[in-house]
Every structure is written in C-alpha cells, then in structure tokens.
Amino acid sequence: MSILVLNSGSSTIKYNIYTEQLEKIFSGRVDRIGAQDTCLYHKSLDMADEAKQVRFMPDHKTSLDYILNETIPKDIRQQIL
C-alpha cells in the first residue's frame, strides 16, 4: 500500500507518495498550471536529481491525470489507496 498526499494551490499541485511506514518514495510538483510553460518535476528514491518537463497543462484536472498516469511509475501507482 502507498499513500498519496496532495497539496493543491491556485496554480500548483505538490505531491508525495509514502509507504505504510511513512517513508517517502516519490515526490513531485506542477508549477504554473494554465501557463504555456507549465513545469512538471518529479523524483523517486533511486533518482539522483529531480526530473523536469515543460509542457502546457491547462488546468488542475489535466495536471493530476498526467501525474497519475504518466509520471508515477506503474508499480507505485497500483499500490496507491
């Protein structure tokens, strides 16, 4: 089981994913939602540096769908409650 924690602001989404023992295993954020240069960042425990993408995200729903379906690895995604 994994726990997804979201913090959503007016133009951002920040998220962390934890194990049942509350060890952070994945994190990320989307900045400037609605702008042409929306920035997406994510990092897992095995990554030395944070990955960054710039792409248009028109709204929070599109951003969250992208996070859940494209950014979070499938093995982690399947364990989220």
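The values are calculated or read from the model by the stated rules, or taken from the named source; none is laboratory data. Please read all numbers here as calculations on a predicted model, not as lab measurements. No Cβ is skipped: glycine too gets one built from the backbone with ideal geometry, and neighbour counts run over all protein chains shown. These accessible areas exclude ligands, DNA and RNA; they are computed on the full protein's heavy atoms, side chains included. Shrake-Rupley method; radii C 1.70, N 1.55, O 1.52, S 1.80 Å.
Some points to look at:
- VAL30, VAL5, ranked by accessible area, largest first (probe 1.4 Å): VAL5, VAL30
- Rounded to whole Hz, the Karplus (6.51, -1.76, 1.60) HN-Hα couplings of segment 5-19, x for glycine and proline: 10, 10, 10, 10, x, 5, 9, 9, 9, 10, 8, 9, 10, 10, 7
- Taking the Cα centre of the chain as reference, the dipole from Cβ charges on Lys and Arg (+1) and Asp and Glu (-1) amounts to some 160 debye.
- Here is how the number arises for the chain: DSSP H runs of 4 or more residues each give -39500 (n - 2.57), the sum is divided by the residue count, and the result at 222 nm is -3000 deg cm²/dmol.
- Segment 32-81 and segment 5-27 have Cα centres lying 11 Å from one another.
- In Hz, Karplus ³J(HN,Hα) per residue of segment 54-63 (6.51, -1.76, 1.60; θ = phi - 60°; x = Gly, Pro): 10, 7, 6, 10, x, 7, 5, 4, 4, 5
- Among VAL30, SER10, LEU64 the positive-end extreme of the charge dipole of the chain (Cβ point charges): SER10
- Shape category assigned to segment 1-58 from the gyration tensor of Cα positions, a/c cut at 1.5: oblate
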